[in-house]
Amino acid sequence: MATITLKNITKSYGQNKVLDNVSLTVEAKERIVIFGPSGCGKTTLLRIIAGFVAPDSGTLFIEDEPVADSGVIIKTPQERNIGMVFQDLALWPHMSVKENIAFGLKAKGVSGAEREERIREMLELVDMSGYEKRKPSQLSGGEQQRVALARALVLEPKILLMDEPLSSLDAKLNIRLRKEILSLQQKLGFTLVYVTHNEDEASDIATRLIRMDFGNSI
Amino acid sequence: MRKRLFLMLVIILFAVIGVLPLLFMLFKSVTADGELNLSVFTEILATKHQWILMYHSLILSSAVALLSTFAGVLLGILFGKTDLPFRRFFTVLFVIPLLIPPYIFAISWSDLLAGLNYESFFGLMGCIMVLFSVFLPVPMLLTIFFLHTVDPRLEEAGLLAASWKEVMTGITLPLLIPAVILSFMLVFILSFGEFSVANFLRYDVYPVESFTLFAAFYDAGPAIAAALPLAGAALLFLLAGELFLRKRSYRPYLFSRYKVLTVKLGPLRRRLAFAIALFGFVIVIVPMIILLVNSGGLENYLEAFRRAGDSMFRSLGFAATTATLMTFFGFFIGYLVHTKALAIWRMADAVTIFLFALPGTVIGIGLISLWNTPWTNIVYGTPLIVIFGLLAKYTALTGKVSAVWLARIPSSMEEAAQAAGAGWFRRIVFIVIPLMWRGLAVAWIVGYIFSLRDTSVTMLVYPPGQDTLPVRIFTLMANGSPELIAALCVIMITITLLPAALLWLILKTTAAKVSLWQR
Ligand SMILES: Nc1ncnc2c1ncn2[C@@H]1O[C@H](COP(=O)(O)OP(=O)(O)O)[C@@H](O)[C@H]1O
Ligand SMILES: [Mg+2]
């Protein structure tokens, strides 16, 4: 059973044809890395999978169920249960680390005791125990990264999308966090779709590497 | 789905408040006994008097628009782009006349000049002068805002190869052209619709006519016919704005990590600051001092409270209520415009701006012609009609404030919440509103001030015994003593500026040390 299937997906912004007839099948527990130059449409592709953007034509299936089809979003992002780590991380600055992670659990109606437990486990997993009360602005780049990961993974998504998550970190930290992402993926077994323009990073993460170029069809 | 439904409801509600009355009024004016009848228009257009009034209005608005655009853009550049000393203070100083009912400055100047036996202040010259100082902040603020939309990196690139003078004339100032055009049009339309100053200074202008026709004869027909050119002018303004502004997207760098580059004034600095201080003193401080002096002692203030205390408290109540509702509507309309969540977003944007450009008298007449029925006394006979009128007229302001504030919040903030499974209401309540509460506070202040200072809508629609302070002052002017009027004006200025200053201070002291999205 394929986890994600893109069938002839096309997306344009005005005259600018960003995705041209893209088809792709992602199997469960794969680590797909999408690699390509800046502006070639990597983020657009992720946003279509996440449900923020509808494809102009083509169909997107998640777990073999159509979730978007030719300009229509059938399942909204909040219904897809896909985790996402944004390029700017998008940690909510007015909430503490704990509140950031708790937000999705509350939205899904996870009760108090269970919520506490899952947050605790998650923080342990990303090695951030003890940082509960900090605000995102009081964290270093690597720490913010881990919180963003924890926030996405605490909801136990089957799919995690990451959009150039390590691009703002220095080389050393970049390599360390790559390892952490890999080990988290092995532990939790989610399907990973990872976008980067860093060749080195791509080959480290990928079980399958997909090259994109301008106006491309994969 | 909930999002679209809710936004749709907000828009429909706003349309009932603001648009329905106008449509109804228009419909009533072109029909008689159920048939199409344009006689009110042909009659009114055939009278010579109308054309004279139109001419007066055009002269006055053009003069005010020209003068204040010229001076305002100049001040805007100085305050927004240079290292002029006290530029923040000056900005606030020059904004004050816009915040209080415009005729107050007319009262003040005529008090002074009448004392000097100088009669010619009445009429066109006086109107130009007062409205100039009232609307000067509009081009000034627009210029400052537009200067903040100039990407500093463009200028830096220019500065590598050229001097500031060349960069200013070659890069920065051309980007200001839309601000200049917009300012001129906006001031023109605002002066065109303003009638309290012209009325007080006895200069017959067009909006006074529709007001008196309506107030004197309670006859909507001619008043509507008289109002139509005003609506036409507002529509033209809207079209022109569309033409000049839609092309470019205005991302305010004001809020981004890029700091606006400032030009060093060099040896001119002190002299310029002194000249501007003098100018500000004359057009802002002097009128207020005159009022303060004329208001005499405590007994005049006590008298003022006795004669108008009820109106004062009503004013505060109306303004606070309206500001709250206006922030609500403004937020959701701003959200709609920012996210383009419904296909009608452009229409909603245009309608609020049209209503803002429309003279308050026209909105007032519309409201009365719709709600003045035995079944709708709940609106017509209560402060609701005042609140409706103010909402219709000024929601554009809170809408724009909200839209600008929303533009500084990265869309990933809301998207991250969506990916975490949060529905729209949850995202609005826990993510969007907390991230922009300062913007909402600013919107509220703006809504409060403009509701409080309004006469153009309120004067027409207030139910018996439910007037506001600016209206009460206006009516007392006919027979009240100058001391009493001066004291009332001082009170009016105080209740406007004090809460605004307080809220501003709160915002300042709670200002985030680090900008939220800078990592
Ligand atoms: N909302 C949008 N409106 C218009 N153009 C867009 C939008 N989002 C992306 N684009 C354009 O689509 C192209 C691909 O963008 P993106 O997917 O962000 O590329 P990448 O992530 O590979 O750098 C770019 O040319 C970009 O300007
Ligand atoms: Mg990208």
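Points to keep in mind about this one:
- Averaged over peptide B:428-438, the number of partner chain Cβ atoms lying within 10 Å of each residue's Cβ comes to 2.
- Of the cross-linked pairs A:LYS135/A:LYS179; A:LYS108/B:LYS3; A:LYS7/A:LYS98; A:LYS11/A:LYS106; A:LYS135/B:LYS508, those separated by over 28 Å at the C-alpha level are A:LYS7/A:LYS98; A:LYS11/A:LYS106.
- Options B:ALA161, B:VAL282, B:ILE385, ranked by Cα towards positive dipole end of the protein assembly as shown, top entry (Cβ charges): B:ALA161
- Distance between the 7 Å Cα→Cβ label points at B:ASP204 and B:GLU303: 3.4 nm.
- For the peptides A:83-91, B:407-415, the ranking by packing is A:83-91, B:407-415, with the highest mean count of neighbouring Cβ atoms within 10 Å listed first.
- The Cα-based radius of gyration and maximum Cα-Cα distance (Dmax) for chain B are 23.5, 73 Å.
- Inter-chain neighbour count for A:104-113: the average number of beta-carbon atoms from partner chains within 10 Å of each residue's beta-carbon is 3.
- Check: region A:93-155 dipole with +1 on Lys, Arg Cβ and -1 on Asp, Glu Cβ, in debye: 240 debye
- DSSP beta bridges in the protein assembly as shown [antiparallel fraction, %, rounded to 5]: 55 percent
- Packing-based order for B:354-363, B:61-70, using average beta carbon neighbours within 10 Å, highest first: B:354-363, B:61-70
- Choice from A:ALA113, A:ALA171, A:ALA54 showing the highest fluctuation, given a GNM over chain A with Cα pairs closer than 10 Å: A:ALA113
- Gyration tensor verdict on region A:1-88 (Cα atoms; rounded if a/c is under 1.5, prolate if a/b is larger than b/c, oblate otherwise): rounded
- Over the protein assembly as shown: helical MRE at 222 nm, DSSP H runs n ≥ 4 each giving -39500 (n - 2.57), nearest 500: -19500 deg cm²/dmol
- Shape descriptor for region B:389-480: Rg over Rh equals 1.22 (Cα atoms; Rh from the Kirkwood inverse mean 1/r).
- Per residue of A:82-94, other chain Cβ atoms within 10 Å of the residue Cβ number 6 on average.
- Couplings 3J(HN,Hα) for region A:175-191, derived from phi with the Karplus relation 6.51 cos²θ - 1.76 cosθ + 1.60 (θ = phi - 60°), are 5, 5, 5, 3, 4, 5, 4, 4, 6, 5, 5, 5, 5, 8, x, 7, 7 Hz, where x marks Gly and Pro.
- Based on alpha carbons, the Rg and Dmax found for region A:158-214 are 11.2, 35 Å.
- Euclidean distance between Cα centres, region B:497-511 to region B:391-450, Å: 19 Å
- Leading residue at positive end of dipole, the protein assembly as shown (Cβ point charges), from A:ILE175, B:ALA32, A:VAL18: A:ILE175
- Fraction of the pair-distance distribution of the protein assembly as shown above 37 Å, Cα-Cα pairs, percent: 50 percent
- Region A:93-155: Cα Rg divided by the 2.2 N^0.38 Å rule of thumb: 1.00
- Check: region B:379-464 dipole with +1 on Lys, Arg Cβ and -1 on Asp, Glu Cβ, in debye: 100 debye
- Antiparallel bridges, percent of DSSP beta bridges restricted to chain A (to nearest 5): 55 percent
- Under 5 Å, built H, 5+ apart or other chain: amide partners of A:SER23: A:ASN8, A:ILE9, A:ILE218
- Span-rule helices in chain B, defined as complete DSSP H runs reaching 30 Å or more along the axis (Cα) with Kyte mean at least 0.0: B:48-81, B:220-245, B:298-339, B:384-407, B:482-509
Taken together, the values in this text are just the output of simple stated rules run on the coordinates, not laboratory data. From a predicted model like this one, the values you see are computed outputs, not experimental measurements. Cβ atoms come from the backbone with ideal geometry, glycine included; neighbour counts cover every protein chain shown.
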